[in-house]
Amino acid sequence: MKIYKTVRGLQNHLNTLKKQGKSIGFIPTMGALHDGHLSLVRSAQKKCDITVVSIFVNPTQFDDKKDLDKYPRVLEDDAQKLKSINTTVLFAPQVNQVYPKDAKPFKAIDLKGLDLVLEGEFRPGHFDGVVQVVKRLLDIVNPDKLFMGQKDFQQFTIIQHMIKHFKLKIKLVVVPIMREPNGLAMSSRNRRLSKKQREEVKIIFETLKKVKEKHSEKTAQQLQKMAMSALSKNYKPEYFKIIDGKTLLGVDDLKKHKYVVAVTAVWAHGVRLIDNMIIKK
Ligand code: AMP
C-alpha cells in the first residue's frame, strides 16, 4: 500500500495508474476505521482496479469545536488495517493540502432543502462542510466510482445531489450498514462507549427493527411516538423520523410512498449516535 500526504504525490501516482487504464474507486473517511469502513473498501475492490482511501478529519463540517477536538485520530492503526486488506493507496493529508491558502473560496451550492432537515436541523452548516470536502477530494482524486455508507443516509443523498449539480462523471455506490453482532451500527464514535454501554445502546437498532415490523399497522406519527418513547427511557433522542428516502421529508401515510426510511440521532452517554433502516423500497 502506498501512503501519500500531499496532493502532488498522490496525483503523480494516480496519473500513472490512470494511463494504464486502471479504474479508481474512492472511499473518503475521517479515520478511526472499523469494519464498516473496510466493507466500503471491499466493495470498491470488487468493482474497481484501484482503491484509494482518504483519511481526513475535515474541520469545516464540525459545528462543534469540542466534537472536532475529541474526534479519534489513530493514523498508524488505520494504515495497518487498510494494508491488511490490500488497499492500494492511502491519502492522509494535512488541512493545508486540502484547503490551500491560495485556493478559491468554496461557494456553497443550493442543496434544495436536503440539508435543512434531520441532521441539518441540529448541525447547522454541517452539510456545506461535507459537500465542500467531498467536492475538493473528488477534484483531487478524480475517481470513477465513489463509495459511501448507507449509515449516513442524508449525507449520501446530498452527495448524489452534488454529483448531479456539478454533472460529475462519477458513480456513487452506497454500501449497507455494518453492525456489531448486537445490532449497534459501527461508528468511530462507538470507541467512546464502554463495553457495557455499547451493549445497552443496541436499543437503537431494536427500535428501528420494531418500527419496521409494525410499519403496515400504524401511521408515521404513531411509529415515531413509539420509537421516541422507547429511546427516551435511557437516552436523549434528538429526532426519530419516518421519511421519504428521496426527498428526506417526513411522511404521514406510509402507503403513499414507495421508498420509506426511519432515521434517528440519539445522545447516549455523551456520544451522538445516528442510525437508520430502510422500511420499504
Ligand atoms: P466517516 O469516517 O464516519 O466519515 O465515514 C466514512 C464513510 O464510511 C461514510 O461514507 C460512512 O457512511 C461510511 N460508514 C461509516 N460507518 C459505517 C457502517 N457502520 N457501515 C457502512 N458504512 C459506514
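A short reminder: the numbers here are calculations on the coordinates, not readings from a lab. Owing to the predicted nature of the structure, the values given are computational and were not obtained by experimental measurement. Glycine gets a Cβ as well: all are built from the backbone with ideal geometry, and neighbour counts include every protein chain shown.
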(message) Can you report the number of residues in segment 191-243 which are more than 27 Å from Met30 (Cα to Cα), out of contact with any Gly (no Cβ under 8 Å at 6 or more places or on another chain) and among the aliphatic types (A, V, I, L, M)?
(response) 7
(message) Exactly one of these conditions fails for Lys112: (1) in contact with a helix residue (DSSP H, G or I) (Cβ under 9 Å, 6 or more places away or on another chain); (2) surrounded by 13 or more Cβ atoms within 10 Å (Cβ to Cβ); (3) touching a residue at least 12 places away in the same chain (Cβ under 8 Å). Give me its number.
(response) (2)
(request) Identify all residues within segment 212-247 that are crowded, with 16+ Cβ neighbours inside 10 Å and within 19 Å of Asp152 (Cα to Cα); write none if there are none. (result) Lys212, Pro237, Glu238, Tyr239, Phe240, Lys241, Ile242, Ile243, Asp244, Gly245
(message) Condition (residue is more than 16 Å from the ligand (Cβ to nearest atom), touching a Leu at 6+ places or on another chain (Cβ under 8 Å) and among the aliphatic types (A, V, I, L, M)) applied to segment 141-148: is it met by at least one residue?
(response) no
(request) Using the structure shown, decide if Ile140 is under 15 Å from Phe91 (Cβ atoms), in a helix (DSSP H, G or I) and over 15 Å from the mean Cα position of the chain (by Cα). (result) yes
(request) May I ask you to list the residues in segment 19-59 that are hydroxyl-bearing (Ser, Thr, Tyr), within 19 Å of the chain's Cα centre (by Cα) and either part of a loop (DSSP other than H, G, I, E, B) or within 15 Å of Ile3 (Cβ to Cβ) (or both)? (result) Thr29, Thr51, Ser54
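Residue-wise test of (1) of a type in the set (Val, Ile, Thr); (2) in contact with a strand residue (DSSP E or B) (Cβ under 6 Å, 6 or more places away or on another chain); (3) within 13 Å of the ligand (Cβ to nearest atom).
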residue: Met178; (1), (2), (3): no, no, yes
residue: Gly183; (1), (2), (3): no, no, yes
residue: Ser187; (1), (2), (3): no, no, yes
residue: Lys202; (1), (2), (3): no, no, no
residue: Thr207; (1), (2), (3): yes, no, no
residue: Lys210; (1), (2), (3): no, no, no
(message) Can you find a residue that is within 11 Å of the ligand (Cβ to nearest atom) and in contact (Cβ under 8 Å) with a residue 60 or more places away in the chain anywhere in segment 71-94?
(response) yes
(message) If I filter segment 55-106 down to residues being among the aromatic types (Phe, Trp, Tyr) and touching a Leu at 6+ places or on another chain (Cβ under 8 Å), which single residue comes out as nearest to Ser188 (Cα to Cα)?
(response) Phe56
(request) Taking the options Asp110, Asp128, name whichever one is under 21 Å from Leu172 (Cβ atoms), over 19 Å from the mean Cα position of the chain (by Cα) and of a type in the set (Asp, Glu). (result) Asp110
(message) Restricting to segment 159-200, name every residue that is outside any helix (DSSP H, G or I), more than 18 Å from the chain's Cα centre (by Cα) and over 20 Å from Arg42 (Cβ atoms).
(response) Phe166, Lys167, Leu168, Lys169, Asn182, Leu193, Ser194
(request) Could you list all residues from segment 20-50 that are within 11 Å of the ligand (Cβ to nearest atom) and farther than 16 Å from Val134 by Cβ? (result) Ala32, Leu33, His34, Asp35, Gly36, Leu38, Ser39, Val41, Arg42, Ser43
